Amino acid sequence: MDLPHFPVFASDAFLPGLLIAAVAITHVFLAQFAVGGGILVTFFEWRAEKKGHTLLRDFLHRFFTTLVLVSFVLGAVTGVGIWLVTALVSPRPLLLLVREFHWIWGAEWCFFCLEVACGYAYYVHGRTLGFQKRFWLAAGYSFSAWMSLFWVNGILSFQLTPGGWLETGSVWAGFFNPSFWPTLFGRTFASMALAAIGATMVAQLIRSYDESDTREIVRNAATLLLPLALMPVAAVWFLAVVPEESRRYVTGANVPMTMFFALAALFSVLIAGTAIFTLLKRRPLFHLPGTVLLAALAFCATGATEFVREGIRKPYVVHGVLYSNGIAVEEVRRLRRRGIDSLDPWPLRDPEKYPTRTVRNGRRVYRELCSSCHTPAKMNGLVHLTAAWDRQMLESNIKKLHLLKTFMPPFAGDDEDLEDIVAYLIWLRKGTE
Amino acid sequence: MISLLPELDLYLALYLITLMAHLALMSFPLGGSVLLCLFEIFRGEEITNLRNLISRHLALSVGLAITAGVAPLLFLEVVHPKAFSNAGAILGGWRPALLIPLTIAFYLAYLQKTESFRRWPGILRLPIRLIGLAALAAVGTVWIISRRVGEHAELWHDRYVNLQMEQLIWEAFPLMGLVLAAATIGCTIGCLWLIGGEQRRGRLSPGERFLAEETLLRLAIFVAVGLAVVCEILRKDRPVDIDWWILRSALFVMIAGFGVRLHRIGPGRAFATLGAGVALFIVLVMREIARREFLVEGGGLDMQTLEVAKTREGFSAFVGSFIFCATGIVLVLKLVRRTQSPLPPDDDDVVVEEKRA
């Protein structure tokens with residue numbers, strides 16, 4: 001493995017992982033909106049030309065402006081944001097992914113550049129170009145946006161199912177891993193659905209459109225919701241290839257995870273139901289507030305899906321290789337013998353706060369091994385979780401942490417570290433009483 | 001040139017090249033924001049023309065610069081993982097916080113592009129332009145600080161315990177001043193090329209073009225000479241001092257190019273661009289050499305990640321994607337060049353007019 005060690009960014013008030021989640025969910029939502037938006041624009045271009053539909057053409061430009069203002073700007077900014085936040089919160093996992101997949105990321109960047117070029121050209125010149133050129137720009141935009149998804153999806157799905165990479169170390173075996181295809185299909189369908197909802201909202205926002213105009217656009221946009229019908233196939237496929245314990249998390253073994261999974265499914269069914277209704281009745285089901293609500297549901301569905309994707313990997317960030325706290329699986333043995341000191345040379349930020357050498361070292365053990373998922377006394381606070389335990393229980397339970405709760409990594413410190421973290425927890429308890 | 005870099009490998013080369021592209025592109029909105037503030041204070045028809053020209057391209061250039069900026073981040077992570085990530089942990093929330101001014105700058109760039117903004121009174125436009133400039137400069141300042149923290153390995157542990165951000169900010173200001181001056185020159189060069197397109201599309205008469213160029217060139221020569229003098233002064237405390245004459249010559253070519261352009265003889269614009277490009281590259285290389293020396297001295301150079309990364313497959317996917325996408329971008333540019341488009345759309349065409357209707 002041989003990953004360098006980085007200092008931990010920990011906060012006593014909140015879980016740093018939530019920062020990643022907030023930026024990542026927003027980014028995924030916007031990026032998928034951009035991918036679906038490209039498909040929608042290409043589809044509408046083709047439809048407008050085939051049927052001589054001036055309304056669709058007029059709508060296209062307004063829709064694309066929204067796409068540019070929302071997803072080009074915030075999508076790009078949150079994309080950089082994920083990078084910066086991950087480098088801060090999970091530097092080791094990030095480094096592992098970059099070291100293995102930097103050329104894949106490079107390829108993704110190339111398509112990102114092409115996407116921006118086609119997108120801006122369409123945005124600036126779309127109105128004055130003839131159909132053929134406009135269509136090619138739209139098609140180039142949607143293809144390159146989807147290709148970005150293609151590349152990134154390989155890296156994201158790798159984290160849960162590294163597949164053949166574990167044995168061979170081959171980048172391609174890791175990229176085309178077992179969950180690559182189901183997640184790619186799932187994300188593509190979700191993107192199209194987001195774009196259809198976005199288009200409905202934009203159409204309803206345009207005041208100069210009358211009832212029948214909006215109806216016409218929504219009916220066309222709803223076509224993009226249809227692939228959602230295939231989502232269950234992607235979901236079942238996905239569940240079939242994920243590791244056994246991950247599957248158990250979403251099928252009852254872990255209550256929040258199961259709930260989020262069920263919510264994502266429920267929201268998707270609701271959105272698909274709306275689509276079917278819209279197509280059958282040939283008119284939008286809701287007025288603007290209803291559509292906004294639908295978009296909020298879609299955002300929640302995206303959030304829940306990403307939450308589940310991140311959650312069912314626990315205790316790993318890269319399954320079977322790297323734990324959530326940045327400790328590599330193969331390092332645990334050595335750390336149990338030689339202690340945290342052999343890994344982490346960084347001093348404490350505020351040593352004067354801790355009374356004894358033991359408590360100080362306990363704080364360092366906590367920082368290294370636990371702070372990615374627990375604060376001392378606030379979110380998922382250790383003081384509260386261990387309130388009823390005496391010293392002996394603390395020692396014996398923490399020693400076999402991974403057996404206590406399967407989504408925790410094993411305790412990776414020596415006997416002294418164990419004593420010290422117990423001393424730290426008892427000291428903390430006194431302070432909060 | 002190679003003698004400048006002891007181990008110029010593929011990753012380092014890609015890092016430097018993509019970083020150069022990022023900085024060159026960023027110089028347009030950054031320098032443009034400086035010029036826009038100046039142009040709100042001075043009056044004149046050519047000033048108005050220039051103001052409109054820069055405003056119209058501000059948002060696009062921020063977008064392109066951010067897009068280009070993703071790649072150097074990627075390669076930096078391979079080349080200097082410790083310097084980059086340790087700086088992040090030391091700076092804590094400061095580095096991700098740059099997203100806030102970046103978002104503000106981006107939307108203000110879109111605002112400055114709109115027709116309705118152009119009709120605002122100057123007294124209201126100036127504060128918006130100043131905020132846009134400050135936001136971009138804040139982003140740049142955070143990056144300068146991040147780099148300095150990352151390269152001083154000997155101070156990592158101390159700074160992790162006791163950051164002293166205020167001092168770092170003060171120290172970064174003079175550097176940011178140099179960056180702003182350089183960006184102003186970069187923006188001028190960008191404008192020289194855009195003005196040609198403006199005339200071709202019939203938006204500027206030859207006379208207007210001449211006046212606009214003259215204003216820009218005078219300013220650029222003034223700034224460039226100042227910058228060259230400052231470089232000479234700063235040279236004294238550079239830890240590395242190799243091939244300084246290349247930088248000098250590049251700056252000379254650039255300034256001469258501006259002068260030639262001012263007198264309408266020969267290809268001044270191309271010379272100025274070339275000189276500026278070479279100067280930027282030399283500065284980047286010199287900074288990289290300095291960083292290596294700092295890191296080696298402070299015991300923070302980490303070559304292991306790079307060695308492992310070199311053994312990984314996927315290069316063909318990158319090259320294939322690069323060729324495909326570069327071809328695509330060239331085709332798009334050709335298509336756009338041939339289009340006799342009106343002005344780029346104002347976003348309020350779509351959104352604001354709707355509300356007015």
Query raised in the report: Taking trypsin sites (Lys or Arg not before Pro) as exposed when DSSP calls them loop (any state but H, G, I, E, B) and at most 10 other Cβ atoms lie within 10 Å, what is the longest stretch of chain B free of them, the sites themselves excluded?
Result: B:120-263
Report task. Run the 1.4 Å probe and let me know the accessible area of B:S316, rounded to the nearest 10 Å². Result -> 90
Query raised in the report: What order do you get for A:19-27, B:29-37, B:64-72 when each peptide is scored by the mean count of other beta carbon atoms within 10 Å, highest first?
Result: B:29-37, B:64-72, A:19-27
Query raised in the report: From the backbone phi of region A:415-432, what are the Karplus-calculated ³J(HN,Hα) couplings (6.51 cos²θ - 1.76 cosθ + 1.60, θ = phi - 60°) in whole Hz, Gly and Pro given as x?
Result: 4, 5, 4, 4, 4, 5, 5, 5, 4, 4, 5, 5, 4, 4, 4, 5, x, 9
Requested in this report: State to the nearest 20 debye the size of the charge dipole of chain B about its Cα centre, where the only charges are +1 on K and R beta carbons and -1 on D and E beta carbons.
Outcome: 1100
Query raised in the report: If you count, for every residue in A:87-100, the Cβ atoms of partner chains within 10 Å of its Cβ, what is the mean?
Result: 5
Query - Inter-site label distance for B:D9 and B:H157 at 7 Å from Cα along Cβ, in nm - result: 2.8
Report summary line: For A:S208 and B:F322, extending 7 Å from Cα along the Cα-Cβ vector and measuring point to point gives, in nm, a value of 4.6
Requested in this report: Calculate for the protein assembly as shown the 222 nm mean residue ellipticity that helices alone would give, adding -39,500 (n - 2.57) per DSSP H run of length 4 or more and normalising by residue count, nearest 500 deg cm²/dmol.
Outcome: -25000 deg cm²/dmol
Query raised in the report: Where does region A:1-133 land on Rg(C-alpha)/(2.2 N^0.38 Å)?
Result: 1.38
Query - Overall Cα dimensions of region A:1-66, principal axis frame, Å, largest first - result: 61, 32, 12
Report summary line: When every protein chain stays in place and a 1.4 Å probe is rolled, A:Y120, B:Y107 sorted by accessible area with the largest first are B:Y107, A:Y120
Query raised in the report: Among all the lysines, which ones have a C-alpha under 28 Å from A:K353's C-alpha, if same-chain residues fewer than 8 places away are not counted?
Result: A:K378, A:K399, A:K430
Query raised in the report: Accessible area of A:F43, 1.4 Å probe, to the nearest 10 Å²?
Result: 40
Requested in this report: For region A:16-323, count the residues as N, evaluate 2.2 N^0.38 Å, and divide the Cα radius of gyration by that value, please.
Outcome: 1.01
Query raised in the report: What does the convex hull of the alpha-carbon atoms of region A:338-432 project to on average, in nm²?
Result: 5.9
Report summary line: In units of 2.2 N^0.38 Å, the Cα radius of gyration of chain B is 1.05
Query raised in the report: Extension gain B:R118-B:Q304, at 0.36 nm per residue separation less the Cα-Cα distance, in nm?
Result: 61.6 nm
Requested in this report: Mind putting a number on the dipole of the protein assembly as shown about its Cα centre? Charges go on the C-beta only, +1 for Lys and Arg and -1 for Asp and Glu, and I need it in Debye to the nearest 20.
Outcome: 1840
Query raised in the report: Under the Karplus relation 6.51 cos²θ - 1.76 cosθ + 1.60, θ = phi - 60°, what is the ordered set of whole-Hz ³J(HN,Hα) values for region B:324-333, x standing for Gly and Pro?
Result: 4, 6, 4, 4, x, 5, 4, 4, 4, 4
Report task. Go through region B:295-315 and flag every residue whose accessible area shrinks by 40 Å² or more with all protein chains in place compared to the isolated chain (probe 1.4 Å). Result -> B:Q304, B:T305, B:R312, B:E313
Report summary line: The farthest towards the positive end of the charge dipole of region A:1-78, of the residues A:T78, A:V68, A:F29, given +1 on Cβ of Lys and Arg and -1 on Cβ of Asp and Glu, is A:V68
Report summary line: Both in Å, the radius of gyration and Dmax of the C-alpha trace of region A:53-98 are 17.5, 53
Query raised in the report: In Å², rounded to the nearest 100, what is the total accessible surface buried by chains B and A against each other with a 1.4 Å probe?
Result: 6500
Query - Nitroxide proxy distance, nm - points 7 Å out along Cα→Cβ at B:V330 and A:M393 - result: 7.2
Query raised in the report: Dipole size in debye (nearest 20) for region A:16-323 around its Cα centre, Lys and Arg Cβ +1, Asp and Glu Cβ -1?
Result: 560
Query - trypsin sites (Lys or Arg not before Pro) within region A:192-240, DSSP loop, no more than 11 other Cβ atoms inside 10 Å - result: A:R207
Query raised in the report: Any idea what log10 I(q)/I(0) is at q = 0.17, 0.24 Å⁻¹ for region B:70-163, Debye with uniform C-alpha scatterers and no solvent?
Result: -0.78, -1.16
Report task. Could you tell me which of A:T54, A:A377, A:G303 has its Cα farthest along the dipole of chain A towards the positive end, charges placed at Cβ (Lys, Arg +1; Asp, Glu -1), taken about the Cα centre? Result -> A:T54
Requested in this report: Pop out the ³J(HN,Hα) list for region A:223-240 in order, Karplus 6.51 cos²θ - 1.76 cosθ + 1.60 with θ = phi - 60°, rounded to Hz; leave Gly and Pro as x.
Outcome: 3, 6, 7, 4, x, 4, 4, 8, 4, x, 4, 4, 5, 5, 4, 4, 5, 5
Report summary line: Cys residues of chain B with no disulfide-compatible partner (no other Cys Cβ under 4.7 Å) are B:C37, B:C187, B:C191, B:C231
Query - Histogram of C-alpha separations across the protein assembly as shown, 20 Å bin width, % - result: 15, 45, 33, 7, 0
Report summary line: The aspartates and glutamates whose Cα lies under 20 Å from the Cα of A:K50, excluding any fewer than 8 residues away in the same chain, are A:D58, A:D213, A:E216
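The values are calculated or read from the model by the stated rules, or taken from the named source; none is laboratory data. Please read these numbers as outputs of a predicted model, since none were measured by experiment. A quick note on method: Cβ atoms are made from the backbone with ideal geometry, for glycine too, and the neighbour counts reach across all protein chains shown. These area figures cover heavy atoms from the full protein model, side chains too; ligands, DNA and RNA do not enter into them. Shrake-Rupley method; radii C 1.70, N 1.55, O 1.52, S 1.80 Å.
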